[in-house]
1. Please work out which residue is farthest from residue 175 (Cα to Cα), limiting yourself to region 280-313 and to residues that are touching a helix residue (DSSP H, G or I) at 6+ places or on another chain (Cβ under 6 Å) and outside any loop (DSSP other than H, G, I, E, B).
2. Identify the residue in region 181-204 that is outside any helix (DSSP H, G or I) and touching a helix residue (DSSP H, G or I) at 6+ places or on another chain (Cβ under 7 Å) and, among all such residues, is farthest from residue 155 (Cα to Cα).
3. Considering (1) outside the structural domain of residue 212 (by TED's automatic domain parsing); (2) modelled with pLDDT under 95, say which one residue 132 fails and leave the rest.
4. Is it the case that some residue within region 244-251 is surrounded by 14 or more Cβ atoms within 10 Å (Cβ to Cβ) and farther than 30 Å from residue 108 by Cα?
5. Going by what's in this entry, would residue 207 be described as in a helix (DSSP H, G or I), under 23 Å from residue 240 (Cβ atoms) and in contact with a helix residue (DSSP H, G or I) (Cβ under 6 Å, 6 or more places away or on another chain)?
6. Could you tell me which residue of region 31-49 is surrounded by the fewest Cβ atoms within 10 Å (Cβ to Cβ), considering only residues that are in contact with a helix residue (DSSP H, G or I) (Cβ under 6 Å, 6 or more places away or on another chain) and not in a helix (DSSP H, G or I)?
7. Just one of (1) surrounded by 23 or more Cβ atoms within 10 Å (Cβ to Cβ); (2) closer than 26 Å to residue 1 by Cβ; (3) touching a strand residue (DSSP E or B) at 6+ places or on another chain (Cβ under 7 Å) trips up residue 197, so point out which.
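The values are calculated or read from the model by the stated rules, or taken from the named source; none is laboratory data. All values derive from a computational prediction rather than experimental measurement. Virtual Cβ from ideal backbone geometry, glycine too; neighbours counted across all protein chains shown.
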């Protein structure tokens with residue numbers, strides 16, 4: 001199953017806002033439709049956004065206003081702008097050249113995710129050789145839904161499962177949109193991997209109790225010094241993992257590393273407004289008019305990161 005693809009002259013993508021109740025494929029034919037899908041998180045995840053950005057340039061043609069609007073649809077994830085820029089570099093060669101570049105990005109992402117899964121599984125097996133099945137904790141959703149296929153951090157768990165080395169995945173529910181509860185558990189069930197859902201605030205406590213062998217997270221942007229922006233809750237896990245002596249591993253493609261951003265302090269953190277906190281899927285949780293602060297991401301300093309696994313290498317910040 002592919003999260004996003006080019007089919008008969010349009011972008012087709014799974015509408016992740018409807019999961020796990022429904023698995024619906026959207027057919028996107030305009031940049032406006034794509035920007036709406038990106039902003040409301042029908043398509044999300046750094047690698048998937050890179051592919052979406054590249055394919056969106058095909059829809060935009062040579063309209064600079066549409067390309068700029070697409071590029072700015074999500075500010076924290078560097079892959080969106082990266083994908084737009086990679087495809088837009090071929091605009092002078094005609095639409096077919098732009099499409100070919102976008103499809104290369106799609107295929108590169110599929111290969112990269114498989115390579116990250118293998119490299120990450122190798123790293124954990126070599127660094128934790130005395131363990132039997134490995135107990136993995138993760139936050140947000142980093143599986144195939146966050147990429148084209150397989151994914152990043154959850155792709156490592158999938159590879160461990162295929163090797164018979166996965167004991168369990170503890171998936172944090174991930175406020176405010178519950179992407180761990182809705183999406184990660186759905187993917188783990190589909191792959192037949194053992195898993196349990198965990199409240200976000202329970203993560204550091206379970207680390208302290210010795211119930212986790214490694215924490216795996218994805219990334220939306222990695223600064224030049226290794227500071228990593230990822231879904232809110234990642235920093236708390238990094239602190240808990242450091243205190244417990246548990247490896248904290250970031251799994252992301254090379255395209256997520258942003259040399260133009262020197263440190264995490266320079267990463268723009270998206271605030272998604274109060275609605276996603278005071279309500280869940282239209283059901284009100286807090287009194288009408290309650291103000292809220294809703295940062296969608298946090299930044300983990302590089303000194304708390306054990307390793308960054310990409311498709312090409314293992315970096316130890």
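1. Per the stated criteria, the residue is 309.
2. Ranking the candidates gives 198 first.
3. It fails just one condition, (1).
4. yes
5. yes
6. Only one residue fits best here, namely 43.
7. For residue 197, the exception is condition (1).
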